[in-house]
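Peer 1: Here it is, the structure in full.
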Amino acid sequence: MAAAWQDVVRDAAAVREAAAAAVDAALLAGVLMRTGEQPHASDVVNYAPFTLLPSAVPRALFEQAYAVQQDFNLLVDAISQNKEFLEQTLASTIKVDDFTARLFRIHMQVLEEGLAQTVFLGINRSDYMFDCGLDGTAALRQIEINTIAASFGGLTSRTADVHRLVLKVLGKTEEASRLLPNNPAKGLALGIAKAWELYGSQRAVVMFLVEDVQRNIFDQRCVENELWNRNIRVVRKRFRDVFEQGSLDASRRLFVDGQEVAVVYYREGYVPQVYDQQNWEARLLLERSRAVKCPDIATQLAGTKKVQQELSQPGTLEKLLPGCPEAVARIRATFAGLYSLDQGEEGDRIAATAIADPERFVLKPQREGGGNNLYGEELREVLKKIKDSPERTSYILMDKIKPQPALNYLLRAHSPLQVSECISELGIFGVYVRQGRELVLNQAAGHLLRTKAIEHADGGVAAGVAVLDTPYLV
């Protein structure tokens, strides 16, 4: 915790007063979610969980994360265009992971047919933690890069104002003025708007592809409203709607419910549970269309854990980004240790090492959305069970990052106000647009800080573990 808050964190009366003001400020600012009891109703809402105090983040590491984001945008885009790299990297995974295999089959089918899509939009979020070395110095370490449905760009656009007010209530006006402005919703909308414009039809709509249960609707509405403000029409559809109402014309323009779709912005489609046969058919229809998919299926595959692990191998980045040694160096400086569990001598050795010392590692399946990773004794048990099976190749191993905990209060509806030891994860949003071979937009679009109590090993805000936060640079 920044020294600035040490006087506050143990002052029960000041904390109670600040927490009451913070909750009202969050509701006023629109830091909202639908409730678990009534997930379809916007007339019964509560505040999204957040920290009482902004968390200290080392300025140098924050700036490093921003400085490398355009490089990661370039890298994701390069991977998505490299059929051979995806084929070779995912070869072992698609034999044992049906979800990745089905995505890959659609990718190959669309390539064989010939891409109708000419404009490509990437919205990703690169997530980091601050690894505390034995000498106490912190290093930026990438956890993962999310290339589909990277969320909370909307709500985090409003969270800094809440923390600004909290600091003022606590008599810390000067500290409040140091909180950075942050508006990822605007940056994400800028990318979607550019793709819509390049698609070239004023009548066409942007389609948000959304879940059946939309508790996090206000986060999406922040981005949606930015598009309405630009007079770009937005519709919200589910896979089922695409299956029932979707069609392609002779030039593979996509129509859903009679409206031409310029951009499909996925806020769904990253977990196997949402796909039945109809939804797979809807996904194929979308991929075959001329509409700009965010992401297209190749870009979703570029975000898999197996690809992340392969990028850490010597020489891989140089092949994907030829002639960009500075970008390669900046990217590589953020990598944690990543290890393949492919079958063979090297995979056997790393599996045995992890079984012997599970506290050193995290076991990651090819899944998004939080709450999937395995740690400690659970990691050991799973690896012991699958160590001689091909199923092993559907996971990767990563060095466990050890951040320095700090004290904070996690504000959740209907939960007691109590101090927790917490750790934070920083995400940087990136947006790029490519037309044909030409990159017409490439930028960092804002940041997201999420914080959780140290007793929780895994999980994000939507998974109900982490809460929204604001960086206080130190």
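Peer 1: When you check Gln245 against the structure, is it touching a strand residue (DSSP E or B) at 6+ places or on another chain (Cβ under 6 Å), free of Cβ contacts under 8 Å to residues at least 60 places away in the same chain and surrounded by fewer than 20 Cβ atoms within 10 Å (Cβ to Cβ), yes or no? Steps first, answer last, please.
Peer 2: Values: touching a strand residue (DSSP E or B) at 6+ places or on another chain (Cβ under 6 Å): yes; free of Cβ contacts under 8 Å to residues at least 60 places away in the same chain: yes; surrounded by fewer than 20 Cβ atoms within 10 Å (Cβ to Cβ): yes.
For Gln245, the condition - touching a strand residue (DSSP E or B) at 6+ places or on another chain (Cβ under 6 Å), free of Cβ contacts under 8 Å to residues at least 60 places away in the same chain and surrounded by fewer than 20 Cβ atoms within 10 Å (Cβ to Cβ) - is met.
Peer 1: For the range 300-357, name all the residues that are small (Gly, Ala, Ser), open to solvent by less than 20 Å² (accessible area, probe 1.4 Å) and assigned to a helix (DSSP H, G or I).
Peer 2: Ala302, Ala327, Gly347, Ala351, Ala354
Matching residues to (1) open to solvent by 30 Å² or more (accessible area, probe 1.4 Å); (2) touching a Phe, Trp or Tyr at 6+ places or on another chain (Cβ under 8 Å); (3) of a type in the set (S, T, N, Q):
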site: Glu391; (1), (2), (3): yes, no, no
site: Pro405; (1), (2), (3): yes, no, no
site: His414; (1), (2), (3): yes, no, no
site: Glu421; (1), (2), (3): yes, no, no
site: Leu439; (1), (2), (3): yes, yes, no
site: Asn442; (1), (2), (3): yes, yes, yes
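Peer 1: Please return the ranges of strands (runs of 3 or more DSSP E) entirely within the range 358-456 where 1 or more residues are modelled with pLDDT of 95 or more and under 30 Å from Ala193 (Cβ atoms).
Peer 2: Details: elements: 361-365, 395-399, 406-411, 419-435, 438-453.
Fully inside the range 358-456 and qualifying: 419-435, 438-453.
Peer 1: What are the residues in the range 219-236 that are of a type in the set (D, E, K, R) and open to solvent by 30 Å² or more (accessible area, probe 1.4 Å), if any? It would help to see each step written out before you state the result.
Peer 2: Going residue by residue through the range 219-236, those that are of a type in the set (D, E, K, R) are 219, 221, 224, 226, 230, 233, 236.
Correct list: Arg221, Glu226, Arg230, Arg233, Arg236.
Peer 1: Spot the failing condition for Glu174; the list is (1) closer than 23 Å to Leu448 by Cα; (2) in contact (Cβ under 8 Å) with a residue 60 or more places away in the chain, and only one is missed.
Peer 2: (2)
Peer 1: Something else about it: Out of (1) out of contact with any helix residue (DSSP H, G or I) (no Cβ under 8 Å at 6 or more places or on another chain); (2) open to solvent by less than 50 Å² (accessible area, probe 1.4 Å); (3) without any contact (Cβ under 8 Å) to a residue 40 or more places away in the chain, what's the single condition that is false for Lys385?
Peer 2: Checking Lys385 against (1) out of contact with any helix residue (DSSP H, G or I) (no Cβ under 8 Å at 6 or more places or on another chain); (2) open to solvent by less than 50 Å² (accessible area, probe 1.4 Å); (3) without any contact (Cβ under 8 Å) to a residue 40 or more places away in the chain, the one that fails is (2).
Peer 1: Restricting the search to the range 260-279, which residues are surrounded by fewer than 16 Cβ atoms within 10 Å (Cβ to Cβ) and under 23 Å from Glu112 (Cα atoms)?
Peer 2: The initial filter retains those residues of the range 260-279 that are surrounded by fewer than 16 Cβ atoms within 10 Å (Cβ to Cβ), namely 271-274, 276-278.
Listed by number, the residues that qualify are Gln277, Gln278.
Peer 1: Out of (1) within 30 Å of Ala13 (Cα to Cα); (2) touching a Lys or Arg at 6+ places or on another chain (Cβ under 7 Å), the odd one out for Arg215 is which?
Peer 2: Of (1) within 30 Å of Ala13 (Cα to Cα); (2) touching a Lys or Arg at 6+ places or on another chain (Cβ under 7 Å), only one is false for Arg215: (1).
The values are calculated or read from the model by the stated rules, or taken from the named source; none is laboratory data. This is a predicted model, so every value here is computed, not measured. FYI the Cβ positions are ideal-geometry reconstructions off the backbone, even for glycines, and counts take in every protein chain you see. Heavy atoms of the whole protein, side chains included, go into the accessibility calculation; ligands, DNA and RNA do not. Shrake-Rupley method; radii C 1.70, N 1.55, O 1.52, S 1.80 Å.
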